[in-house]
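The structure appears below as structure tokens.
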Amino acid sequence: MPPPDPSVPSPAGRRRGGWTEPLRGARAVLPILVGVIPFALVLGFIMRQTGRTSAESGFFSFSLIAGTAQVATVHLFAAGAPLLVIVATTVMINMRYALYSLSLVPILQREPWWRRLFCAYIISDQSYAFTMAEAERNPDNGDMTGFLVGASLGVFLPWAAAVLVGYHAGAIIPPSLPLDFTIPLVFTALLAPQLKDRGRIASALTAAAAAVILVPTMPLQLGFLAALLAGVVVGVLLDGKREGA
Amino acid sequence: MSFFAVALVVSLASLVVKGLFTCFVPQGRLPRALDRILRFIPPAALAALVAPAIVYAKTASGSTFAPARLLAGLGALVIAVYSRNVVVTIVSGMALLMLLQRVIG
């Protein structure tokens, strides 16, 4: 991590902790790396299996920060799918990020456009989840953007390094060790503080039930998107009822 | 078509999706009632990410129901509600899973 750069001025009128919040974000995501790194190793291995060069793999790791969409792209490309199909598929897979961006509007709306774009580029499921947990626990945080950037880079940089290692060394994690389970465990830990009222509990239960049914049966992670939407709809409906009563 | 070109187009299209509401939809146009919807996106997204990952295990032949993962995941949820701590949840969830895998396979 490079030292703070004093030549970068803070925007006037906003409390900015310099490197404090980025570092807190990067530290917060450390536990999830245990689950993320094995996935990145496997992705690097898949890149080589599907015939990508080291340069192509490296370029793709940095141009698109979204693991599932990368797996889909290299598979479809290797199978000779036309560009339009590949783009449509990855857009579908990443559609959840459009909903994430909707809920990030209150956090990012005062930022300049280039910084919002940078956040969109580096965000991941993991850094989004940790950022929303921070916003819930610490609503007065004056530098949520810094936290988001730190959390996102804290996931992405080790991820990209592990893709590179996986490409050259193969899948070096023994498959008998269920490290993939750490990812849902971290999301569970971040979900717990969200379950504060009836609406959000119902929203989570609906999304969970729908995901169990839809994720294995619908292609391209559309099941995940449908489950997310179902959870939001149920939450909003319950909320409306409560306000009407 | 070269893979670099495909990767570039795919990445730019995904960037538009990832920043759709923060960068590409004019901010003044978002209605205030939206706040009521936004509240539900994090819990619904997290629940939808967690549920399939604890109910099923990925095997070479696809996804299969995994009772040990489900029980360990539910146990971890209870621990998460009370501990409010990511590391405690990971360690106890993994311990539960390895224990349950030994007991019920």
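Residues considered: A:P158, A:P106, A:P184. Of these, the only one that is within 23 Å of B:K58 (Cβ to Cβ), free of Cβ contacts under 8 Å to residues at least 60 places away in the same chain and assigned to a helix (DSSP H, G or I) is A:P184. Among the residues of region A:79-105, write down those that are more than 7 Å from every other protein chain (Cβ to nearest Cβ) and more than 19 Å from A:F224 (Cβ to Cβ). A:A79, A:G80, A:A81, A:P82, A:L84, A:V85 - these are the residues of region A:79-105 that are more than 7 Å from every other protein chain (Cβ to nearest Cβ) and more than 19 Å from A:F224 (Cβ to Cβ). In region B:1-26, the residues that are assigned to a loop (DSSP other than H, G, I, E, B) form Cβ pairs under 8 Å with partners that are aromatic (F, W, Y), at six or more places apart or across chains, as follows: B:G19/A:Y121. Note on region A:44-71: residues that are aliphatic (A, V, I, L, M) and more than 9 Å from every other protein chain (Cβ to nearest Cβ) total 3. Output the number of residues of region B:50-65 satisfying the condition of being small (G, A, S), without any contact (Cβ under 8 Å) to a residue 12 or more places away in the chain and either more than 20 Å from A:V36 (Cα to Cα) or surrounded by fewer than 22 Cβ atoms within 10 Å (Cβ to Cβ) (or both). Residues flagged as small (G, A, S), without any contact (Cβ under 8 Å) to a residue 12 or more places away in the chain and either more than 20 Å from A:V36 (Cα to Cα) or surrounded by fewer than 22 Cβ atoms within 10 Å (Cβ to Cβ) (or both) within region B:50-65 amount to 4.
If you go through region B:42-55 one residue at a time, do you hit one that is more than 7 Å from chain A (Cβ to nearest Cβ) and either on the phi > 0 side of the Ramachandran plot or assigned to a helix (DSSP H, G or I) (or both)? First the steps, then the outcome.
Going residue by residue through region B:42-55, those that are more than 7 Å from chain A (Cβ to nearest Cβ) are none.
Checked region B:42-55: no residue is more than 7 Å from chain A (Cβ to nearest Cβ) and either on the phi > 0 side of the Ramachandran plot or assigned to a helix (DSSP H, G or I) (or both).
The residues of region A:56-76 that are more than 23 Å from A:S152 (Cα to Cα) and either surrounded by fewer than 22 Cβ atoms within 10 Å (Cβ to Cβ) or modelled with pLDDT under 85 (or both), listed by number, are A:H75, A:L76.
The values are calculated or read from the model by the stated rules, or taken from the named source; none is laboratory data. This is a predicted model, so every value here is computed, not measured. A quick note on method: Cβ atoms are made from the backbone with ideal geometry, for glycine too, and the neighbour counts reach across all protein chains shown.
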